[in-house]
Amino acid sequence: MGDVSVDRGATAKIGQVEGDLRVGQAARIEPEDKVIHVTGRASCDGDAEFHGSLSCSEFSARHGKIRIEGDLVAKSEVKVDDGQLAIDGSLEAATVTVDKALRIGGNARADDFDVGGVLEVRGTISGKKVDVGGSFKVQGTAEVEEVDVGGTVDIASIVKFAKLDVGGMARIGGGEVSKDVDVGGKFESTKPLKFSKIDVGGLATLVEGGEGGDVDVGGKFESRADLSFNSLDVGGMASIDGNGKGVEVDVGGLLRVSGSLTLEKDLDIGGRAYIGAELRLDSLEVGGSMEADLIIAQKSIEVGGDLKTIKGTKGDTVELGHGSRASGPIVAREVSVGHGGRVEDVYADKLEMEHGSRARNLYFREGVIEAGVHVEGEVLYTETIEASPDARFAKPASKVNVLPKAPL
């Protein structure tokens, strides 16, 4: 049978077409067997229904809703202008272009998907690029190199992407994004995620944690399990429910880590930081309060507000702001306590206690004790002390040959 045309509103039973198939408005095509085979092009002008699977060289339609109650296999292109395509089964083609909506009941495979409105896949999807203007939803796995969606993405299972770019909201079922995750609004991964870079304008959540490179979030970031990363940069609040391991962290507001946090470089917090266990890093700068079980820094520690530890704080230099309250021993080469500050035991090579500050016990090589300082316990030093006459010591300061061993 050569080229076949089905008139407007007609119903035709077709097995194989050796040529092109043209389907008119509101026509219905019944298969002689299970599959309608077209060696050439299958085209629809307006609404059409195929009550079975369709195999063709290429498929095109315009101005209507097309329903295929089976699979659609096209060797080259599937194109729908100003229309919608619904496939109960699976779709396989080289390229797919649909202006409005494409809904697939099974699996989808093509090099490129370009959909103006909605792309929904009940099975899996694989390809090189998916470009959707509105929403993209997949119930199975998704293996695509580049995904670019203007609105929302919802993928229930794991993904394997190179790039994910979403204007609004995106939710994925874990997996891997080897290059960039770029989401304008909200991003969530419900399973562990391996990533290179996450850039989210609003809220980002890793429900089961992950491992990767840089995280940059404008609002709030949350990892509900262990997280390893390169850099973590959050404008508002960041939390890790578990342990964190990375290079550096910069948070504008609040940082909360329920376990330990280990960094190769710096932790910079504009507001407050809470670490449930140990904090180990190169240097620490906190504008507000800092709390941890233990803090070990290779270089400087600067805390503007309160510093609370159980096992203590150790660094090369420790500087506490005005009015700061510190609990736990402090051990450093240089320690400076701002005026009105309060500390417990301090072990230092060089110590400066500004006016009005208080301490329990002080142990140092050389120190400066300003007016109004009150020491409730002992003051032991090995070389020099410059103490204001207005400083108050519970016991006279004593010069010793060897200081007590620091606890850290």
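Values quoted throughout were computed directly from the atomic coordinates according to the rules given, and no laboratory measurement underlies them. All figures in this text were calculated on a predicted structure; none of them were measured in a lab. Cβ: placed from backbone, ideal geometry, glycine included. Neighbour counts: every protein chain shown.
Amide H contacts under 5 Å for V200: V183, D216, V217, G218, restricted to partners 5 or more places along the chain or on a different chain, H placed in the peptide plane at 1.01 Å from N. Rounded to the nearest 20 debye, the dipole magnitude of segment 1-99 is 80 debye, with +1 charges on Lys and Arg beta carbons, -1 on Asp and Glu beta carbons, and the Cα centre as origin. Near V80, the amide H atoms lying under 5 Å from its own belong to A61, T97, V98, D99; only residues 5 or more places off or on other chains count, and H is placed 1.01 Å from N. Mean projected area of the convex hull spanned by the Cα atoms of segment 114-190, taken over all viewing directions: 3.8 nm². Can you compute the FRET efficiency between K13 and S228 using 1/(1 + (r/R0)^6), with r the Cβ-Cβ distance and R0 = 60 Å? Round to the nearest 0.05. Between K13 and S228 the formula returns 0.50. Rounded, prolate or oblate, given the Cα gyration tensor of segment 206-254, with a/c below 1.5 counting as rounded? It is oblate, given that a/c is not under 1.5 and a/b is not larger than b/c.
Considering only alpha-carbon pairs that sit under 8 angstrom and 6 or more positions apart, the relative contact order computed for segment 1-99 is 19 percent. Basic side chains Lys and Arg get +1 at the Cβ, acidic Asp and Glu get -1 at the Cβ, and with that the dipole of segment 302-408 about its Cα centre reaches some 460 debye. Fewest neighbouring Cβ atoms within 10 Å first, the residues D349, D81 line up as D81, D349.
Measuring how big segment 1-99 is from its alpha-carbon positions, Rg and Dmax come out at 11.6, 32 Å. Here the relative contact order of the chain, from alpha carbon pairs under 8 Å that lie six or more residues apart, stands at 4 percent. Using equal-weight Cα scatterers in the Debye expression, the normalised intensity of segment 60-179 in log10 at q = 0.11, 0.13, 0.14, 0.17 Å⁻¹ is -0.30, -0.42, -0.49, -0.73.
Distances between every pair of Cα atoms in segment 268-377, grouped in 10 Å steps from 0 to the bin holding the largest one, split as 17, 55, 25, 2 percent. Placing unit charges on the Cβ atoms only, positive for Lys and Arg and negative for Asp and Glu, gives segment 264-345 a dipole magnitude near 200 debye about its Cα centre.
Computed from phi, the 3J(HN,Hα) profile of segment 144-156 under the Karplus parametrisation 6.51, -1.76, 1.60 (θ = phi - 60°) reads 9, 5, 10, 10, 10, 10, x, x, 10, 10, 9, 10, 6 Hz, with x in place of Gly and Pro. For segment 306-314, 3J(HN,Hα) computed residue by residue from phi via the Karplus equation (6.51, -1.76, 1.60; θ = phi - 60°) reads 7, 10, 10, 9, 9, 8, x, 10, 9 Hz, glycine and proline entered as x. Pairs exceeding 22 Å between alpha-carbon atoms, taken from K350/K395; K186/K265; K79/K128; K128/K160: K186/K265. Build a GNM of the chain with springs between Cα atoms under 10 Å: which of D33, D99, D88 gets the top mean-square fluctuation? Highest fluctuation of the listed residues: D33.
In terms of its Cα atoms, the chain spans 112, 28, 21 Å along the principal axes, sorted from long to short. Here is the list for segment 193-277: trypsin sites (Lys or Arg not before Pro) lying in DSSP coil, each with at most 16 other C-beta atoms within 10 angstrom of its C-beta, are R224, K265.
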